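**Student:** Mind looking over this structure? Questions follow.
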Amino acid sequence: MDSIKAEIAVVAARAVVEEGLDFGTAKRRAAQQLGLSPRQALPNHEIMEQAVQDYIAIFCPESQAQELGILRGIALDWMERLARFQPHLGGAVWRGTGTRHSDLYLQLFCEDSKIAEITLIDMGVRFQASQVTGLHGDTVDALSVQVWCEAFKSYIGLHLLVNDLDGIRGALQSDGQGRRWRGDANALRSLMDNGLYGST
């Protein structure tokens with residue numbers, strides 16, 4: 001691995017774990033802190049994820065494992081509440097690097113995004129609507145909710161990304177190591193029941 005990219009990843013990993021920055025923001029800030037050119041090539045997602053895993057293993061393995069378990073429990077609760085939309089959990093909480101600073105990302109699948117909005121309204125849940133890039137590079141609706149976490153004494157961001165029904169095929173993709181980028185409620189239960197911290 002390029003030594004400069006490795007150095008960027010190490011610095012960025014600390015910001016991801018300790019401050020909850022996303023990979024992109026953390027990498028750009030790390031490069032700036034290291035006095036590198038804005039044109040400097042940055043580490044890819046896999047390198048960053050490994051750097052975050054290494055940071056956690058060295059500095060906070062026990063506390064991170066506990067926080068991840070709490071986050072996965074909250075995610076599973078919402079997946080059960082929104083089961084009609086075949087929710088799939090992604091992001092750091094699914095991949096096993098989540099901390100108390102991590103948001104939850106659920107991919108939902110339905111014929112009309114308004115159905116998901118109406119469901120939240122019927123549940124008495126307040127949300128902010130926006131649009132983001134979806135699984136296939138298209139624009140999808142995102143419904144963001146602030147969820148109170150008693151264990152952390154703080155709110156956690158929950159982002160519901162609403163995809164077309166046929167978009168579920170994109171939810172099942174794997175990375176270069178054969179690990180899935182997302183999992184449904186049964187897959188998440190399996191991770192939690194078996195005490196596994198990474199994704200399968």
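The values are calculated or read from the model by the stated rules, or taken from the named source; none is laboratory data. These numbers were taken from a predicted model, which means no experiment stands behind them. Here the Cβ positions follow ideal geometry from the backbone for every residue, glycine too, while neighbour counts run over all protein chains shown.
**Student:** Can you tell me how many residues in segment 13-26 are part of a loop (DSSP other than H, G, I, E, B) and either surrounded by fewer than 16 Cβ atoms within 10 Å (Cβ to Cβ) or acidic (Asp, Glu) (or both)? Steps first, answer last, please.
**Tutor:** Of segment 13-26, the ones part of a loop (DSSP other than H, G, I, E, B) are 20-22.
Then drop every residue that is not either surrounded by fewer than 16 Cβ atoms within 10 Å (Cβ to Cβ) or acidic (Asp, Glu) (or both), which leaves 22.
So the count comes out to 1.
**Student:** Looking only at segment 27-66, which residues are part of a loop (DSSP other than H, G, I, E, B) and over 16 Å from ARG100 (Cα atoms)? Give the derivation first.
**Tutor:** We begin by selecting, within segment 27-66, every residue part of a loop (DSSP other than H, G, I, E, B); these are 34-44, 60.
The answer is LEU34, GLY35, LEU36, SER37, PRO38, ARG39, GLN40, ALA41, LEU42, PRO43, ASN44.
**Student:** Taking the stated definitions as given, is ALA185 assigned by TED's automatic domain parsing to the domain that holds LEU68, surrounded by 17 or more Cβ atoms within 10 Å (Cβ to Cβ) and in contact with a His (Cβ under 6 Å, 6 or more places away or on another chain)?
**Tutor:** no
**Student:** With respect to the numbered conditions (1) farther than 19 Å from GLY176 by Cβ; (2) within 20 Å of the chain's Cα centre (by Cα); (3) buried (at least 19 other Cβ atoms within 10 Å of the Cβ), which one is the sole condition not fulfilled by GLU49?
**Tutor:** Tallying (1) farther than 19 Å from GLY176 by Cβ; (2) within 20 Å of the chain's Cα centre (by Cα); (3) buried (at least 19 other Cβ atoms within 10 Å of the Cβ), GLU49 fails exactly one: (1).
**Student:** When you go through SER102, SER154, SER190 one by one, which is the residue that is closer than 30 Å to ALA12 by Cβ, of a type in the set (S, T, N, Q) and either assigned by TED's automatic domain parsing to the domain that holds VAL17 or surrounded by fewer than 19 Cβ atoms within 10 Å (Cβ to Cβ) (or both)? Please lay out each step first, then the result.
**Tutor:** Values: SER102 fails: either assigned by TED's automatic domain parsing to the domain that holds VAL17 or surrounded by fewer than 19 Cβ atoms within 10 Å (Cβ to Cβ) (or both); SER190 fails: closer than 30 Å to ALA12 by Cβ.
When all the criteria are applied, what remains is SER154.
**Student:** Within the bounds of segment 86-106, is there any residue that is hydroxyl-bearing (Ser, Thr, Tyr), farther than 16 Å from VAL147 by Cβ and touching a residue at least 24 places away in the same chain (Cβ under 8 Å)?
**Tutor:** First, pick out the residues of segment 86-106 that are hydroxyl-bearing (Ser, Thr, Tyr): 97, 99, 102, 105.
If we keep only those that are farther than 16 Å from VAL147 by Cβ as well, we get 97.
Right, trim to touching a residue at least 24 places away in the same chain (Cβ under 8 Å) and you get 97.
The answer is yes; a qualifying residue exists.
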